[in-house]
1. It is to be established whether one or more residues within segment 46-60 are buried (at least 16 other Cβ atoms within 10 Å of the Cβ) and within 21 Å of Phe122 (Cα to Cα).
2. Name the single residue that is farthest from Trp68 (Cα to Cα) among those in segment 19-35 being open to solvent by less than 30 Å² (accessible area, probe 1.4 Å) and free of Cβ contacts under 8 Å to residues at least 60 places away in the same chain.
3. Looking at segment 108-119, is at least one residue under 13 Å from the mean Cα position of the chain (by Cα) and either without any contact (Cβ under 8 Å) to a residue 40 or more places away in the chain or open to solvent by less than 70 Å² (accessible area, probe 1.4 Å) (or both)?
4. Could you check Ala16 against (1) in contact with a Pro (Cβ under 6 Å, 6 or more places away or on another chain); (2) open to solvent by 60 Å² or more (accessible area, probe 1.4 Å) and say which number it fails?
5. Quick one: how many residues across segment 92-107 are open to solvent by 60 Å² or more (accessible area, probe 1.4 Å) and touching a residue at least 12 places away in the same chain (Cβ under 8 Å)?
6. Taking the options Ala76, Ala38, name whichever one is hydrophobic (A, V, I, L, M, F, W, C) and free of Cβ contacts under 8 Å to residues at least 40 places away in the same chain.
7. Inside segment 97-131, can you point out the residues that are in contact with a helix residue (DSSP H, G or I) (Cβ under 7 Å, 6 or more places away or on another chain), within 28 Å of Ala76 (Cβ to Cβ) and not β-branched (Val, Ile, Thr)?
8. What pairs come up if the first residue lies in segment 3-18 and is within 17 Å of Arg65 (Cβ to Cβ) and in contact (Cβ under 8 Å) with a residue 60 or more places away in the chain, the second is polar (S, T, N, Q) and assigned to a helix (DSSP H, G or I), and their beta carbons are under 9 Å apart, counting only those six or more places apart or on different chains?
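The values are calculated or read from the model by the stated rules, or taken from the named source; none is laboratory data. This is a predicted model, so every value here is computed, not measured. No Cβ is skipped: glycine too gets one built from the backbone with ideal geometry, and neighbour counts run over all protein chains shown. Surface areas here come from the heavy atoms of the whole protein model, side chains and all, with no ligands, DNA or RNA. Shrake-Rupley method; radii C 1.70, N 1.55, O 1.52, S 1.80 Å.
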Amino acid sequence: ARGNIRLNDEVAEAVADCEPGLDSLRHGARAYARWIVAHHGFAALLVWRPIPGFIPSPESYAAAREMWQRTRDELAAAAGRGELSAAADSDDATGLLTSLVSGICSQQLANEPGAPFDSGRFTSLLDDALAMFVGHYATPANRSRP
């Protein structure tokens, strides 16, 4: 619960001054990844399930659900603003985005745990992964741009 709350607070602070939609999603993803990579112990508990059979209590998992909903709401905002296609306003898109970001964090922690976030072998790919996600959910008008 403490880890989820701290992570949620960190992301909320990072997006506080952002426009809804893509701006908030990008800043939130970076804040999430930066925090996860900096907090290895919490990362194992929040991103993976290292203890067989462990299921967090609803109270402990509430902040994680809140983070999921925030991401879902930002995708809906991005679709509503025409930054992304209507397909981005979905649980599937939320799952894909969270899998991309968490996967980058997992790779970083597994292969280069002590590297600085900005120059880590995998965390330095975060913006490229986000661009791929945006490209996948681009509106028809945005797809025709060079």
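1. Just the residues of segment 46-60 that are buried (at least 16 other Cβ atoms within 10 Å of the Cβ), to begin with: 46-47.
Those left that are additionally within 21 Å of Phe122 (Cα to Cα): 46-47.
Yes; the residues of segment 46-60 include at least one that is buried (at least 16 other Cβ atoms within 10 Å of the Cβ) and within 21 Å of Phe122 (Cα to Cα).
2. Narrowing segment 19-35 to residues open to solvent by less than 30 Å² (accessible area, probe 1.4 Å): 21-22, 24-25, 28-29, 31, 33, 35.
Pick out the ones that are also free of Cβ contacts under 8 Å to residues at least 60 places away in the same chain and you get 24, 28, 31, 35.
On the way: Ser24: 14, Gly28: 11, Ala31: 14, Trp35: 16 Å.
Per the stated criteria, the residue is Trp35.
3. From segment 108-119, those under 13 Å from the mean Cα position of the chain (by Cα) are none; that's our starting set.
No, because not a single residue in segment 108-119 is under 13 Å from the mean Cα position of the chain (by Cα) and either without any contact (Cβ under 8 Å) to a residue 40 or more places away in the chain or open to solvent by less than 70 Å² (accessible area, probe 1.4 Å) (or both).
4. Only one criterion in (1) in contact with a Pro (Cβ under 6 Å, 6 or more places away or on another chain); (2) open to solvent by 60 Å² or more (accessible area, probe 1.4 Å) is unmet by Ala16, namely (1).
5. Pass one, segment 92-107, residues open to solvent by 60 Å² or more (accessible area, probe 1.4 Å): 92, 96, 99, 107.
Filter again for touching a residue at least 12 places away in the same chain (Cβ under 8 Å), leaving 96, 107.
Counting residues in segment 92-107 that are open to solvent by 60 Å² or more (accessible area, probe 1.4 Å) and touching a residue at least 12 places away in the same chain (Cβ under 8 Å) gives 2.
6. Unique residue meeting the criteria: Ala76.
7. Leu97, Leu100, Ser102, Cys105, Ser106, Leu125, Leu126, Ala129, Leu130
8. Partner pairs satisfying both residue conditions: Asn4/Ser60.
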